[in-house]
Every structure is written in structure tokens, then in C-alpha cells.
Amino acid sequence: MTFVSSRYYFATSATVAVVASVGIYSLLSQTAHAESSQPPMAFKGRFGFTSLRLHSVTSVNHNTKRLLFELPDSEARSGLSLTSSLLTVSRPQGSFFPVFRPYTPINKLDDPGFVELMVKKYPNGKASSHLHSLSPGDRMTFLGAIKGFPWTANQFPHIYLLAGGAGITPIYQLIQGILSNPHDRTRMTLVFGGNTEEDLLLREELDGFKKRFPDRFDVIYTVSSSSPNLPSSSSLRTGRITKELLEEVMGSTPGVVDQHNTKVFVCGPPAMEEALTKSRGCMRTSGGEEGVLAQLGFSKNQIYKF
């Protein structure tokens, strides 16, 4: 009787083991299949040299171009998180050492097969000059992704975005990502400054967002000098991003708002960032002079500079 019971016990155990093994194998197979069905991510979790072929170049204005690079796989995504940038590696002619510069893609991060950069050429910019010299078919080396602000949907009910010139690219990526997420209801107000209207990059796309999401996105443009040859609108102002303009846009006492409910993102030329936030990481100079945002009541923790 004991022998029979033992045989039954071992037979039952073996059956359970086989069934369990089959179940585990099936589960692993399904998991592997699910993972294999996911599109490859070109830069996610990876920091190393990646060479991409330039597909096309589009001139935006006298010093800015859009460059469309092909990912290694036509089904691949960039794998970047929102507010991330890509570190480019340039080898300008006559330069012994490579030049490293971050650029923020302006296409949707889940677009398959490519990444698009908008690059402004500076007079002495080694990286930007190299990028502007590229032609379709040339290759560009990327070292990997640099993460920016860790954005979480609905983290803030309302954010302010202050951009100048080519500094619009990381802010545009954030705007596009928020508005592309049906679960993110964050409201945004952008103040975008440039030397002329020609320098208001991505204006057509930004105006499109304002038209499609009037209750969630607003944009105010300001230029140092307006041009009669380009169309204007009621949202266009003349001058820099000043305390008076921000008071009008934000209200007279925005700092009264709890710092957990309001965030200000800033990206632009050094002079603009200096005026708004003073020295890097500080809200005032050694002499005690406050930046515009500090004068308006915003604390250091409420401000993020790309």
C-alpha cells in the first residue's frame, strides 16, 4: 500500500512538473514573442557610437536647417524619453579633436524610422557648421541620449515655457509630447522671443497647436524688430521677454501659486537666460540683483533650464 502510494505520489509530482514546465515554457515563449514584436529602440538604454545616414535637408531661414536622419531600421523608434537630446559627434575640417554637442529632435519620439534635428548655424559654431555642411547620403555620428527633465503627465496643472531663438527645440519637444498624450491635461503658455519674425522657428506648428488645443495651449511671440514682409498676428509683440511682458502673461503675482503647482521651463541664448534667472543655478548675482523670474515671485525650485 505504501509502495502504491509512493508510485502515485511520484507520478503525480512528475505530471505536475511536466505541466509546470510546459506552462513556464509557454509563458517564456509568449514573453519572448511579445518582446520580439516590439519595435527596436535606437538609443534606449544605450550609450555608444551610432552612425546615421542623412536622408534630407530643408532650409528654414538664412541660418537654420532641418536635417532628417534615418534610423538603422525603418521600424525602429528613437527610444528617447520626453525632453531628451542626442549627443552629436562632429569632426570639423582641420580640427584634431571631435566636437560634442547636444541637439533635441523635433519629430515625435515614437515616429518610426527617423529622427529630425533643427540646427541653427552660428558664426564660430564648429558643430553647427559641420552639420550645415552635410548633404543627403552623408553620415553623422551620435554618442547617445542625454535625459532632460523627468516629465510626468499631469505633474503640474499649468506650466510656463520661455524660449528664445533655437532654444525653442527642447520646449517644442515637450509641448508636442504633452499634446500627443491623451491622458496628459497639462495647460501650457509659451512666450517665444526672436530677433525678427524669421527667427520664430516652428511658428506654423505652434500656431497649429494653438488652433487645435485652444483650452490647453497658448503662445505669445515677441521680436526685437518686426519685418513688414512677414505676416503678423495679434499674438506678436515687439521687444524682449521682459518683466512687464511676463507680468501681463502670468499675472502680477505668479509666485503666490504653490511651487508644486507651477513650473517654468527656460531655454534660450545666454543673455536671455541671464536676465531671467541670473547666474547659473542662482536666482541673483553676488551683488544681490534678482533675475526677472525671482522678481515675479518664482523660487529656484520652480524653474528648469534646458
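Out of (1) open to solvent by less than 60 Å² (accessible area, probe 1.4 Å); (2) assigned to a strand (DSSP E or B); (3) farther than 30 Å from Glu197 by Cβ; (4) aromatic (Phe, Trp, Tyr), what's the single condition that is false for Phe43?
(2)
Going through the range 64-78 one residue at a time, which ones are open to solvent by 20 Å² or more (accessible area, probe 1.4 Å) and either charged (D, E, K, R) or in a loop (DSSP other than H, G, I, E, B) (or both)? Can you show your working first?
Our first condition is that a residue be open to solvent by 20 Å² or more (accessible area, probe 1.4 Å); within the range 64-78, this holds for 65-66, 68, 70, 72-75, 77.
The answer is Lys65, Arg66, Glu70, Pro72, Asp73, Ser74, Glu75, Arg77.
Give, as residue ranges, the strands (runs of 3 or more DSSP E) completely inside the range 113-213 that count at least 2 residues that are open to solvent by 30 Å² or more (accessible area, probe 1.4 Å). Explain how you work it out, then say what you get.
Details: elements: 114-120, 139-146, 158-164, 187-194.
In the range 113-213, the matching strands (runs of 3 or more DSSP E) lie at 114-120, 139-146.
When the range 99-119 is examined, which residues are found to be among the acidic types (Asp, Glu) and out of contact with any Phe, Trp or Tyr (no Cβ under 8 Å at 6 or more places or on another chain)?
First, pick out the residues of the range 99-119 that are among the acidic types (Asp, Glu): 110-111, 116.
Scanning the range 99-119 gives Asp110, Asp111.
Going by the structure shown, is Val257 buried (at least 16 other Cβ atoms within 10 Å of the Cβ) and at pLDDT 55 or above?
Working: buried (at least 16 other Cβ atoms within 10 Å of the Cβ): yes; at pLDDT 55 or above: no.
No; evaluated as a whole, the condition is false for this residue.
Among the residues of the range 66-76, are any closer than 28 Å to Glu197 by Cβ, touching a helix residue (DSSP H, G or I) at 6+ places or on another chain (Cβ under 7 Å), at pLDDT 90 or above and outside the structural domain of Pro269 (by the TED database)? Walk me through it before giving the result.
Restricting attention to the range 66-76, the residues satisfying the condition of being closer than 28 Å to Glu197 by Cβ are 66-68.
When the remaining residues are screened for being touching a helix residue (DSSP H, G or I) at 6+ places or on another chain (Cβ under 7 Å), the result is 67.
Next, from what is left, pick out any that are at pLDDT 90 or above: 67.
Those left that are additionally outside the structural domain of Pro269 (by the TED database): 67.
Checked against the condition, which is being closer than 28 Å to Glu197 by Cβ, touching a helix residue (DSSP H, G or I) at 6+ places or on another chain (Cβ under 7 Å), at pLDDT 90 or above and outside the structural domain of Pro269 (by the TED database), the range 66-76 yields at least one hit.
Could you tell me which residue of the range 214-229 is farthest from Tyr160 (Cα to Cα), considering only residues that are open to solvent by less than 50 Å² (accessible area, probe 1.4 Å) and outside any strand (DSSP E or B)?
Residues of the range 214-229 that are open to solvent by less than 50 Å² (accessible area, probe 1.4 Å), as a first pass: 216-217, 219-223, 227.
Remaining after also requiring outside any strand (DSSP E or B): 216, 227.
On the way: Arg216: 12, Ser227: 27 Å.
Ranking the qualifying residues of the range 214-229, first place goes to Ser227.
The values are calculated or read from the model by the stated rules, or taken from the named source; none is laboratory data. Since the structure is predicted, the reported quantities are computational estimates derived from the model, not experimental observations. Don't worry about glycine lacking a Cβ; one is built from the backbone with ideal geometry, like all the others, and counts go over all protein chains shown. In case anyone asks, the SASA skips ligands and DNA or RNA and just uses the protein heavy atoms, side chains included. Shrake-Rupley method; radii C 1.70, N 1.55, O 1.52, S 1.80 Å.
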